[in-house]
Each structure stands twice: as structure tokens, then as C-alpha cells.
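The values are calculated or read from the model by the stated rules, or taken from the named source; none is laboratory data. Just so it is clear, the structure is predicted and the values come from calculations on it, not from any experiment. Neighbour counts run over all protein chains shown; Cβ positions are idealised from the backbone, glycine included. The accessibility values were calculated without ligands, DNA or RNA, using every heavy atom of the protein model including side chains. Shrake-Rupley method; radii C 1.70, N 1.55, O 1.52, S 1.80 Å.
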Amino acid sequence: MTDTVQSAAEVQVPVASRSERTRSFDVADFPQVTGREEEWRFTPVRRLAPLLEDAGTGAELRFTEELPAGVSVETIDLDTARAQGIMEPEDRPAAIAAARSGGIRHYAVEAGAEVPEAVVVHADGAGTDPVHGHILLTVGDNARATIVVEHEGAAQYSELVSIVVGAGAQLTFVSLQLWEDGSAHLGQHDAIVGKDAQYKHIAISLGGDIVRLNSNVRYDGPGGEAQLLGLYFADAGQHLEHRTYIDHNTPQAVSDVMYKGALQGTDARSVWIGDVLIRPEAIGINTYELNRNLVLTEGARADSVPNLEIETGDIEGAGHASSTGRFDEEHLFYLMSRGIDEVEARRLVVRGFFHEVIGQIRVPAIEEVLSARIEDELSRSMM
């Protein structure tokens with residue numbers, strides 16, 4: 001018998017703690033993705049091969065926006081962005097996006113500014129070549145703003161979004177994935193939440209063949225609050241994957257995560273992974289994460305994995321919940337008993353299921369677009 005010895009590079013050894021994952025702007029620090037890694041095992045890696053190669057194409061998305069007083073945009077380099085204290089990438093495509101972006105698009109909200117209307121940024125794709133992008137969003141101390149990035153068109157897009165929320169500031173950041181069929185989108189959204197700041201991140205994924213978003217939060221002082229909300233509706237053949245990570249590294253911070261998804265059609269697939277790390281110094285924090293999935297047809301699959309890692313017992317509270325199932329028959333019976341036909345009753349249940357997330361956006365024009373898109377999704381399966 002011949003013994004086979006594997007090299008250290010060939011052996012996949014999962015890290016013991018979420019905090020031990022590699023963080024670096026150097027692409028060489030991340031090995032090529034195989035799909036056997038814990039953080040990639042749910043993802044169709046082969047279909048994403050062009051976005052996992054460390055190569056630039058020169059292709060870009062087309063960005064358009066109208067910026068109000070108190071908000072500016074400029075192009076900066078990576079060294080300038082790192083001086084803002086941004087988080088380092090935690091996976092290979094995010095590191096590639098930072099290295100190959102060709103310049104960082106920096107949106108800045110002035111300290112103390114109160115921006116009454118949502119700032120809507122349109123990011124449109126028009127091709128099949130891989131596109132890499134890096135966006136930096138800085139919100140000055142005690143400023144208030146809502147910024148929406150709406151992705152449309154056709155693209156193979158990989159991005160890093162770095163967010164720094166100053167002390168006492170309030171930011172709502174909305175990422176809309178409304179891509180055309182055939183598109184793929186990899187994203188890592190990293191936020192540093194300052195002392196007594198409030199940060200709300202909303203991820204809405206309806207279009208594209210593959211969407212995989214990592215939304216991460218770390219605190220820069222006590223009293224910070226982070227709310228991560230998500231909504232996704234997967235059709236036949238779509239893969240919509242969302243991962244959240246709350247790093248409770250300061251005392252007296254709060255986090256709340258709620259993602260809701262619906263699935264319909266053969267091979268419709270959704271993945272939600274929720275990680276929360278409560279470090280020894282995170283005294284008096286409160287955290288909760290929730291994921292609910294509504295499976296509308298046969299052949300669809302939803303994976304939901306909440307993870308809670310606690311390194312101190314001196315906290316206010318920590319919990320998580322996850323559920324995947326079909327329609328609540330009691331809700332359907334209640335509606336049908338009042339004269340509503342079954343098809344419309346099912347649509348009402350789905351609308352109500354999503355309303356809790358859509359209502360948090362508080363941008364009427366965006367809410368109307370989402371409601372119309374969801375109605376279109378429902379019309380395909382509930383005739």
C-alpha cells in the first residue's frame with residue numbers, strides 16, 4: 001500500500017473562529033477559490049470563474065447621480081481610502097475588486113449635514129466583460145443621509161463597498177440588485193459604525209443569475225447601532241446568496257438582522273448565512289438575527305445558517321431564529337373565508353411577508369419599483 005501525503009496547501013482546514021479569516025488588500029494572500037472552502041461551499045463557483053481571476057479588463061459600470069448640497073463625489077486611490085480607516089477585504093473577489101477598480105469612487109457626506117431626500121446612484125452595466133469596482137462612502141460626524149445604489153442592465157460585476165459612519169451620524173444605505181438575466185454580482189459591503197452612530201443596510205436582490213453579497217459591520221466606539229435588512233425573490237435557475245457578519249468589538253452596541261426571501265421554480269436557490277461574534281470586550285451589547293424563507297413551488301431550495309459566537313457572558317441579550325416553509329394555511333383560510341379567491345389570497349400573503357422590509361426603505365419611488373417587481377414575480381407563479 002502506498003501512502004499519499006497531502007501538502008498543507010491542499011488540505012482545507014476551517015478556521016476555528018469567524019475572526020480568524022484572512023483580511024488583506026493583497027490578492028496573493030487569498031488562494032484560488034475551489035468551492036470546498038466553508039465560506040464558498042454553497043456558491044456555484046464555476047459559474048463565477050471570470051470574477052475570481054486576478055485580471056483587469058478595463059470595463060466599467062456607468063454611474064449617474066444628482067448630488068444635493070452636503071454630498072460630493074470624487075475619484076481617489078487606495079492609499080487615500082485606507083487613510084479613512086476602512087476594513088480590509090475578507091475574500092479573494094473583494095481583494096481583486098479593490099486592486100482592479102482603476103480608482104475608488106468616493107461619496108462624502110459633510111459633518112453635520114442633514115440630507116432630506118434620498119441620494120439615488122444608478123449603476124448600469126452594458127456588457128459581459130468582468131467589471132471590478134470599489135466605492136467608498138464616508139458620513140461625517142452627526143450627519144444624516146440615505147444613499148441608494150441601484151444596479152441595472154447586464155454585467156459581470158465584483159465590488160467592494162467601504163463605509164465609514166462618523167460619531168453620532170445616521171446612514172441608511174440601500175443596495176438594489178435589479179440586473180438583467182445572465183448577470184452576476186459579487187459584493188462585499190463593509191461598514192465601520194462610529195460612537196453613538198446609527199447604520200441601516202438594506203439589500204434587495206431580485207435580478208441577475210447569481211448574486212452573492214457579504215454585508216459586514218464593525219464598531220468604532222460604544223453606543224453604535226446597526227440594522228441589516230434584506231429581501232430576495234429567486235426564480236428558476238437563480239442563485240441569490242446573502243451573508244452577514246456583525247463583529248461586536250465594543251461595549252454597549254446594538255445589532256439587528258432581518259432577511260426575508262421567497263423562492264419559486266426549478267433550481268431556484270437562496271442562501272443566507274448570519275454570523276455574529278461577541279468579543280470579550282463587548283460588554284452590555286444586544287444582538288438578534290432572523291431569516292425567514294417562503295417556498296412557493298416544488299424544486300426550490302433555501303439554505304439558512306445562523307451562527308452566534310459568544311466570548312463574554314456580560315451582555316444584554318443575544319439570539320437568532322431561522323425558518324423555511326410553505327404558505328401558512330391558516331392565513332390562506334382566513335382570507336378565503338372572507339371571499340378572496342385562492343390566487344389573490346396567496347399574493348396577499350407574499351406581499352405582507354415582504355412589507356416589513358420594504359417599509360423600512362422609506363424612499364417612495366424605490367418602494368414603488370420594488371412593489372411592481374414583486375408583482376411581476378408573483379404573476380409568473382400564481383395565475
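Tabulated results
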| item | result |
| --- | --- |
| Residue list for region 46-59, filter: in contact (Cβ under 8 Å) with a residue 12 or more places away in the chain, within 19 Å of V271 (Cβ to Cβ) and open to solvent by 20 Å² or more (accessible area, probe 1.4 Å) | R47 |
| Qualifying residue in region 248-268 (condition: touching a His at 6+ places or on another chain (Cβ under 7 Å), of a type outside the set (G, A, S), within 25 Å of D376 (Cα to Cα) and open to solvent by less than 20 Å² (accessible area, probe 1.4 Å)) | yes |
| Candidate set from region 28-45 (those that are within 21 Å of the chain's Cα centre (by Cα) and part of a helix (DSSP H, G or I)); member that is surrounded by the fewest Cβ atoms within 10 Å (Cβ to Cβ) | E38 |
| Looking only at region 92-148, and only at residues there that are in contact (Cβ under 8 Å) with a residue 60 or more places away in the chain and in a loop (DSSP other than H, G, I, E, B), the one that is surrounded by the most Cβ atoms within 10 Å (Cβ to Cβ) | A143 |
| Residue match in region 171-186 (condition: in contact with a helix residue (DSSP H, G or I) (Cβ under 6 Å, 6 or more places away or on another chain), within 26 Å of A123 (Cα to Cα) and not in a strand (DSSP E or B)) | no |
| Among the candidates D303, D247, D220, residue that is over 29 Å from I86 (Cβ atoms) and either modelled with pLDDT of 95 or more or touching a Cys at 6+ places or on another chain (Cβ under 8 Å) (or both) | D303 |
| Index of the failed condition, T287 passing every other in (1) crowded, with 17+ Cβ neighbours inside 10 Å; (2) β-branched (V, I, T); (3) over 21 Å from the mean Cα position of the chain (by Cα) | (3) |
| Top-ranked residue in region 321-346 [being open to solvent by less than 80 Å² (accessible area, probe 1.4 Å) and within 28 Å of G274 (Cβ to Cβ); ranked as modelled with the lowest pLDDT] | D328 |
| Lone qualifier among T75, T80, T172 - being of a type in the set (V, I, T), in contact (Cβ under 8 Å) with a residue 24 or more places away in the chain, under 20 Å from G221 (Cα atoms) and open to solvent by 20 Å² or more (accessible area, probe 1.4 Å) | T172 |
| Qualifying residue in region 297-318 (condition: of a type in the set (A, V, I, L, M, F, W, C), in a loop (DSSP other than H, G, I, E, B) and over 26 Å from H248 (Cα atoms)) | yes |
| Check on R62, touching a residue at least 60 places away in the same chain (Cβ under 8 Å), within 30 Å of E180 (Cβ to Cβ) and loosely packed, with under 14 Cβ neighbours inside 10 Å | yes |
| Hey, Y219 buried (at least 24 other Cβ atoms within 10 Å of the Cβ), under 26 Å from P280 (Cβ atoms) and hydroxyl-bearing (S, T, Y) or not | yes |
| Conditions (1) farther than 30 Å from G223 by Cα; (2) at pLDDT 80 or above; (3) open to solvent by 40 Å² or more (accessible area, probe 1.4 Å); (4) not acidic (D, E); number of the one not met by V295 | (3) |
| Residue identified as within 23 Å of R82 (Cα to Cα) and touching a Gly at 6+ places or on another chain (Cβ under 8 Å) among Y199, Y232 | Y199 |
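Residue by residue, here is whether (1) closer than 18 Å to H189 by Cβ; (2) at pLDDT 95 or above; (3) not β-branched (V, I, T) holds:
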| residue | (1), (2), (3) |
| --- | --- |
| A9 | no, no, yes |
| D26 | no, yes, yes |
| R41 | no, yes, yes |
| G56 | no, no, yes |
| A59 | no, no, yes |
| R62 | no, yes, yes |
| D79 | no, yes, yes |
| A83 | no, yes, yes |
| P89 | yes, yes, yes |
